[in-house]
Amino acid sequence: MLGDRIAEFTTTESGRRVLATVGSPALEVSMTGTGQLLGHPVREFVTYESELRPDGSLFGEGQGIGMSDKGEAYSWHGSGIGHFTEGGAVRWRGSIYFESSADAFLRLNDLVGLFEFENDPQGNGKAVLYEWK
């Protein structure tokens, strides 16, 4: 069951790199983001790889590290499915798993996050993360 909203982020791409053009085309994307996680202001650095599947959808896997404005750190990894929308945006849905030893983020170690992420053709994105209960 979809639970509480635990995070919101805005992101900006900082780089793209083509990984494959033969077979399943694949792309690596790096980005930075700012937002709130469990009520704490945070900044994140993210890299994900996406592969174009034969049906036109995308499969992606990524990882990130983040830090609160008080220096409390966390990391995550996740995966999801993406679909192109009109105008060249991509809408992603997937799951994410955290790790942290910081008191502010210990709760993350025991939960599965479900995310919605959409990025526009210019590399700007918005993400919302919910706890899966």
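The values are calculated or read from the model by the stated rules, or taken from the named source; none is laboratory data. All values reported here derive from a predicted model rather than from experimental measurement. Don't worry about glycine lacking a Cβ; one is built from the backbone with ideal geometry, like all the others, and counts go over all protein chains shown.
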**Study point:** Residue tally, condition assigned to a helix (DSSP H, G or I), modelled with pLDDT of 95 or more, out of contact with any Phe, Trp or Tyr (no Cβ under 7 Å at 6 or more places or on another chain) and not basic (Lys, Arg), over region 87-133
**Key:** 4
Check your understanding: Do we have any residue at all in region 60-67 that's touching a residue at least 40 places away in the same chain (Cβ under 8 Å) and either in a helix (DSSP H, G or I) or under 24 Å from Met1 (Cα atoms) (or both)?
Key -> no
Study note, to complete from the structure: Across region 19-65, the tally of residues that are under 20 Å from Glu8 (Cα atoms) and either of a type in the set (Lys, Arg) or touching a Leu at 6+ places or on another chain (Cβ under 6 Å) (or both) stands at 1
Revision key, fill the gap. Within region 36-59, the count of residues that are of a type in the set (Asp, Glu) and not in a strand (DSSP E or B) comes to 1
Study note, to complete from the structure: When every residue in region 9-35 that is among the β-branched types (Val, Ile, Thr) and outside any strand (DSSP E or B) is compared, the one surrounded by the fewest Cβ atoms within 10 Å (Cβ to Cβ) is Val22
Review point. Within region 13-33, restricting attention to residues that are among the polar types (S, T, N, Q) and within 12 Å of the chain's Cα centre (by Cα), which residue is farthest from Gly78 (Cα to Cα)?
Key: Thr32
